[in-house]
Amino acid sequence: MEAMTALIETDYIMTVKPSPTSPSSESSISRELSTAESVAPAYKTMEEFLKTIEKRAFVIAKISTSRHEDALDIVQETMFKMVEKYGSKPVLEWRPLFYRILNNKITDHYRRQAVRNKIFIWKSSDNDQSDDCFQSDIASSVERRSEEPDEMLMRQQRIERLAKGVQKLARRQREAFLLRSWECLSTRETAYAMGCTEGSVKTHYSRALEKLREQLAGYDYD
């Protein structure tokens, strides 16, 4: 089975690169899903930093909330707090700080949603109905270039399958997976962003990979 050439894509293509340091037990999923190198600190200003990270942060927020409007609000609130509170921090600290704020905002969203759902039971159906829209958003944004129709269909099916698998993960597993595989944060950076220990990150990440392997078992990626 060859490694896939793309993961959950928005406005750009992310080339799959297997990690030479990944444990062998994680190699299959990691080759398919670990898609980006760590963002080098090429930016010098907060504005440049936010421009490099806003689209990727939106993907994480969208997967976590399944709602375009909520994801947009979360990213905007995160960016505002970065500018307001942490603009004077060293450049190398911006990225893990940003994802810690983002993770906290997503957690706050879940808490507010839980309260609303207890008061207004029918609200819980909104997120269920939005899942298909999210899959459509991902599929429609993939850059197809010169692919043949059959290749385009297979590519779309792979992306939809992966996106659904990620959405089915438990919240902490999904957080660990997205930060480690999608954003390629280190275990230490991920622990800081999630507000937990490195051991917990490793556990959540390992379980996420195991769940994805189970969900994708038997699916042809060749």
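Just so it is clear, none of the values below were taken in a lab; they were calculated from the coordinates. What you see is a predicted model; the values in this text were computed from it and never measured. Using ideal geometry, Cβ is built from the backbone for each residue, glycine included, and neighbour counts are taken over all protein chains shown.
For the residues Val75, Val83, what sequence is obtained by ranking on other C-beta atoms within 10 Å, fewest first?
Working: Val75 24, Val83 13.
By the 10 Å Cβ count, ascending, the order reads Val83, Val75.
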Per-residue ³J(HN,Hα) for the range 89-99, Karplus 6.51 cos²θ - 1.76 cosθ + 1.60, θ = phi - 60°, Hz, x for Gly and Pro: 5, x, 4, 5, 8, 4, 4, x, 4, 4, 6
Efficiency of FRET from Cβ geometry, Arg171 and Leu92, R₀ 30 Å, rounded to 0.05: 0.60
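Sort Asp70, Asp108 so the one with the fewest other Cβ atoms within 10 Å of its own Cβ comes first. Intermediate values should be presented prior to the final figure.
On the way: Asp70 21, Asp108 12.
Arranged by neighbour count, lowest to highest, Asp70, Asp108 become Asp108, Asp70.
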Table column - 3J(HN,Hα) (Hz), the range 73-78, Karplus curve with 6.51, -1.76, 1.60, x for Gly and Pro: 4, 4, 5, 5, 5, 5
